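> I'd like to ask you about the structure that follows.
The values are calculated or read from the model by the stated rules, or taken from the named source; none is laboratory data. Since the structure is predicted, the reported quantities are computational estimates derived from the model, not experimental observations. So basically every Cβ, Gly included, is an ideal-geometry build from the backbone, and we count neighbours across all protein chains shown.
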Amino acid sequence: MPRIAVIGMGAMGGAVAKVLMSSGAEVVTYLEGRSPGTRDRALAAGVRDVDLTALLGADIILSIVPPSQAVAVADLVVTAMRSSQSHTIFIDCNAVSPQTMGKVAQAFENSNARVLDGCIIGGPPEAGRPGPRFYLSGGAKEIVPVLLANGLDARSLDSGVGAASALKMCYAGINKGLIGLGTSMTLAAAKSGADKALMAELFESQSQLLAKFSKGIPDMFPKAYRWVAEMDEIATFLGPDDPAADIFAALADVFQQLATDRTLTGDVAATLSEMLAAQPEGSLNRYDALSNGNFDQGSRGLQPVPSARESQDRAELEEELEEGLEDSFPASDPVSATVTSIPGRTRT
């Protein structure tokens, strides 16, 4: 039975600890200086709190903390190892850039520990659904089977330290970056009075994207404070010469706004939640909206108007055929170029 230490009893760390324990592993953690809420999660999971000396006796140490704390946790473990003969395996599983992961690895250079680069993609494991994927790089082939045998979906990358972190930055940049972009533009629509029109248009033309925003944006609110540092890490990963780095630096400010809002009035979160919850049952057809000059008036609660688009498409087709026939015959030609009907055809 392996002994695995999990540093970080947040939503992810606590859930991972439960999975490990349910698979038969002995799981310990270190809670010195942690909040009452963190201690309660560890207690609820049945994870034993130990001192640093006992922690270093673990076969594997998983660091699962906010990215801003990754280096500090590495320094804490390394400091404790100076008076220990521990040969533990330290796996940094945090959402950090390869540059930050390099600092973590450097901290262990003169220790007996072995350092692996890891990342977690997916939400905290829950009963009845697949858990997140743990990607490991830096020579983890023999460690992956151990984690697999203890309930974690672990996968090895045939690359050195930094590869797993790079994967996390790229994936999070797409996934969480999209949530940040959706948050920004949804708020902009609310401020400019285009909120109903935006929701109606997303419902009609981007239903999958709207579904992602409707779930992902509210789910982000309690985690926004952690995403701030993650966006900064992505900007660092891209580097100052990549113009996209500025995008993620700006998204860090977006998530900071949501984190601040959560501790104050909650007005921003309420506005976003209200917009996303009030999805229209039907959408005003765009042609009818253009004709009456008002998207907002019909963008919520109306049934779709399927005939308007078909009528417009038919008119456009007839106009195109008329133009084509007029170009094909001289003006003096007795053949009429007027098309009065196109039976049996609709344009797709």
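> Of everything in segment 226-242, what is assigned to a helix (DSSP H, G or I) and either modelled with pLDDT under 95 or not hydroxyl-bearing (Ser, Thr, Tyr) (or both)? Give them in sequence order. It would help to see each step written out before you state the result.
First pass over segment 226-242, keeping only residues assigned to a helix (DSSP H, G or I): 226-238.
Those that are assigned to a helix (DSSP H, G or I) and either modelled with pLDDT under 95 or not hydroxyl-bearing (Ser, Thr, Tyr) (or both): Arg226, Trp227, Val228, Ala229, Glu230, Met231, Asp232, Glu233, Ile234, Ala235, Phe237, Leu238.
> Only residues that are over 18 Å from Ala245 (Cβ atoms) and in contact with a Pro (Cβ under 9 Å, 6 or more places away or on another chain): list them for segment 165-200, please.
Of everything in segment 165-200, those that are over 18 Å from Ala245 (Cβ atoms) and in contact with a Pro (Cβ under 9 Å, 6 or more places away or on another chain) turn out to be Lys196, Met199, Ala200.
> Restricting to segment 199-211, and then to whatever is without any contact (Cβ under 8 Å) to a residue 60 or more places away in the chain and closer than 12 Å to Thr186 by Cβ, can you tell me which residue is surrounded by the fewest Cβ atoms within 10 Å (Cβ to Cβ)?
Leu209
> Hey, could you check segment 26-40 for residues that are touching a strand residue (DSSP E or B) at 6+ places or on another chain (Cβ under 9 Å) and acidic (Asp, Glu) and say which is nearest to Leu62 (Cα to Cα)?
Glu26
> Can I ask one more? When you check Ile120 against the structure, is it surrounded by fewer than 21 Cβ atoms within 10 Å (Cβ to Cβ), under 21 Å from the mean Cα position of the chain (by Cα), modelled with pLDDT of 95 or more and among the β-branched types (Val, Ile, Thr), yes or no? Break it down into steps so the answer makes sense when it comes.
Working: surrounded by fewer than 21 Cβ atoms within 10 Å (Cβ to Cβ): no; under 21 Å from the mean Cα position of the chain (by Cα): yes; modelled with pLDDT of 95 or more: yes; among the β-branched types (Val, Ile, Thr): yes.
Here the answer is no, as Ile120 does not meet what is asked.
> Among Val19, Val104, which is over 19 Å from Ala164 (Cβ atoms) and of a type in the set (A, V, I, L, M)?
Details: Val104 fails: over 19 Å from Ala164 (Cβ atoms).
Answer to the check: Val19.
> Take the residues in segment 98-121 that are in contact (Cβ under 8 Å) with a residue 24 or more places away in the chain and part of a loop (DSSP other than H, G, I, E, B), then tell me which one is nearest to Val16 (Cα to Cα). Even if it seems obvious, please write down each step before you answer.
Residues of segment 98-121 in contact (Cβ under 8 Å) with a residue 24 or more places away in the chain: 98-105, 107-108, 111-121.
Cutting the leftovers down to part of a loop (DSSP other than H, G, I, E, B) gives us 108, 111-113.
Details: Phe108: 24, Ser111: 27, Asn112: 26, Ala113: 22 Å.
That would be Ala113.
> Another one. Quick one: in segment 78-91, which of the residues that are outside any loop (DSSP other than H, G, I, E, B) and without any contact (Cβ under 8 Å) to a residue 40 or more places away in the chain is nearest to Tyr171 (Cα to Cα)?
Phe90
> Also: Quick check on segment 47-66. Is at least one of its residues of a type outside the set (Gly, Ala, Ser), without any contact (Cβ under 8 Å) to a residue 24 or more places away in the chain, part of a helix (DSSP H, G or I) and more than 28 Å from Ile234 (Cβ to Cβ)?
No, every residue in segment 47-66 fails to be of a type outside the set (Gly, Ala, Ser), without any contact (Cβ under 8 Å) to a residue 24 or more places away in the chain, part of a helix (DSSP H, G or I) and more than 28 Å from Ile234 (Cβ to Cβ).
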